2 protein chains.
Amino acid sequence: MADTKTRILDSAEVLFAERGVEATSLRAVTTNAESNLAAVHYHFGSKEALIAAVVGRRLRPVNEERLRELKKLNEKSSKPASLEELLEAYFKPAISTLDNSEQGSLLAKMMSRLFWESGGETRQLIVEQFSEVWEGFIRALRKALPELSTRQVISRFHFGIGVLIHALSQRGYEEDPKMPSILEKDPERQLAVLVAFVAAGFRAQVPERKK
Amino acid sequence: MADTKTRILDSAEVLFAERGVEATSLRAVTTNAESNLAAVHYHFGSKEALIAAVVGRRLRPVNEERLRELKKLNEKSSKPASLEELLEAYFKPAISTLDNSEQGSLLAKMMSRLFWESGGETRQLIVEQFSEVWEGFIRALRKALPELSTRQVISRFHFGIGVLIHALSQRGYEEDPKMPSILEKDPERQLAVLVAFVAAGFRAQVPERKK
DNA sequence: GTCTATAATGAGATAGAC
DNA sequence: GTCTATCTCATTATAGAC
């Protein structure tokens, strides 16, 4: 059996994803981890700090891989990276990490929840985790799409993030007949579909004025 | 001053959006509404019921307008409605309602939060509110895009919903330099940009197999 | 490091006067 | 319909034994 700290992290991750962060009590976390309330405070200090640890453990490797992929693209040749390459570099780490983890869809839901649920301190955490990655990708996307204004690039990049988050977080609801599954089963196809959709959106022409 | 019931709804809407539903206590709601705890239980019965009332009050008119617009498109001519017309019918009620309400961005955030935060009962509420609308739009979208499979239409429709939710919910963070504003100021342009992005995504060709 | 026991707080809900 | 006061319960956090 893993050590107490890890068991608490694992347990918290599952429960945060299933019920949401606010709705999950530390008691539920520790019971599930076959530990006790005091252990959380010994290892993490507070519930807020536990949340940060749970998020950081999963998000850090994803964003590190994104930066590595981006660096590879930037150094690869004198030509700027293409739109599709950049989107793939951004989406792939998220999709593959989620597939390799035993938690699977739960993790995706936890991340998307965190994105919205966070008020105040937790939001700060998210912004910090992402700011370097976003800056890097937006800079590269501007080079790939010189015909778009910076503002348009940022806007459409966020549209793409919205697609990713929504798609990932709807996993696990496949059983519901009212909410048919969104993503393909095969991770390679998932990635291809997402990249194709968002890339086409990036290249869309917006009509000048409404008729 | 509005009656107590309305003041409670207004207050709850603002606080739910700012802090999240779980994190908002009924005490905070009633203090803000210059009322008291008992009034919530008199008018609504429970916190869960209050949540449902807050959501329903805003969501119902939006979804009713969507269904009206869809009906208009279906009856307009013998030709099936175009992709752009359908997307506009879906997006416009959300954008214009949000602009007309004095709460503005708070309301958008409340909706997007609800979409994710909801575990169990509250999720049920969301699915019920949306199922008729989604069914109608997916049926119409299939006619507009006969070259796509039903599964692809559903998947891409949800991608579009992801874009809408994400875009709307990021309103109000404009002050943060790390998170530049996503949407145009002008609602007409917002709509045009969203429709163009999602329509292009719908029409994207997905490469058959990865190289 | 781990645990039991308990403190301190805040939550949703309710009774009953007005 | 509205309000104060209170009930009951669950939460985070901590003290202190081992």
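Here, each number is a calculation from the coordinates, and none is a lab measurement. Computed from a prediction, not measured in an experiment: that's the story for all the values here. Methodologically, a virtual Cβ is constructed for each residue, glycine included, from the backbone with ideal geometry; neighbour enumeration extends over all protein chains shown.
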Exercise. In nm, what does the list of distances from B:PRO187 to its counterparts in the other copies look like, shortest first, when each label sits 7 Å along Cα to Cβ?
Worked result: 4.4
For this session: Using the Karplus curve 6.51 cos²θ - 1.76 cosθ + 1.60 with θ = phi - 60°, work out ³J(HN,Hα) for each residue of segment A:27-34 in order, rounded to whole Hz, and write x for Gly and Pro.
Result: 4, 4, 4, 6, 4, 4, 8, 6
Seminar exercise, completed: Along principal axes, largest first, the alpha-carbon spread of chain B in whole Å comes out as 59, 42, 33
For this session: Consider just the alpha-carbon atoms of segment B:28-90 and return their Rg together with their Dmax, both in angstrom.
Result: 19.1, 56
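Taking the radius of gyration and the Kirkwood hydrodynamic radius from Cα positions alone, what is the Rg/Rh ratio for the protein assembly as shown, to two decimal places? Numbers along the way, then the final one.
Details: Rg = 21.8 Å, Rh = 22.6 Å.
On the Cα set of the protein assembly as shown, Rg over Rh gives 0.96.
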Problem set entry | Cα-Cα over 27 Å, subset of A:LYS72/A:LYS109; A:LYS109/B:LYS71; A:LYS92/A:LYS143; A:LYS76/A:LYS109 | A:LYS72/A:LYS109; A:LYS109/B:LYS71; A:LYS76/A:LYS109
Problem set entry | Per-residue HN-Hα couplings for segment B:129-145 [Karplus 6.51, -1.76, 1.60; θ = phi - 60°; Hz; x = Gly/Pro] | 4, 9, 4, 5, 4, 4, 4, x, 5, 5, 4, 5, 5, 4, 5, 6, 10
Exercise. From the label point of B:LEU67, set 7 Å along Cα to the beta carbon, how far off in nm is each other copy's matching point, shortest first?
Worked result: 5.0
Exercise. Ordered by residue, what ³J(HN,Hα) values in Hz, to whole numbers, does segment B:65-81 give under the Karplus form 6.51 cos²θ - 1.76 cosθ + 1.60, where θ = phi - 60° and Gly and Pro are x?
Worked result: 5, 4, 5, 4, 4, 5, 4, 4, 5, 5, 8, 4, 8, 6, 6, x, 4
Exercise. Toward the positive end of the charge dipole of the protein assembly as shown, about the Cα centre and with charges on Cβ (Lys, Arg +1; Asp, Glu -1), which of B:ALA49, A:VAL198, B:ILE182 goes farthest?
Worked result: A:VAL198
Seminar exercise, completed: When the charge dipole of the protein assembly as shown is computed with +1 at the Cβ of Lys and Arg and -1 at the Cβ of Asp and Glu, the Cα pointing farthest to the positive end, of B:LEU59, A:ALA140, B:SER11, is that of A:ALA140
Exercise. Any idea what the B:GLU208 label distances to the other copies are, label 7 Å down the Cα→Cβ vector, nm, shortest first?
Worked result: 4.1
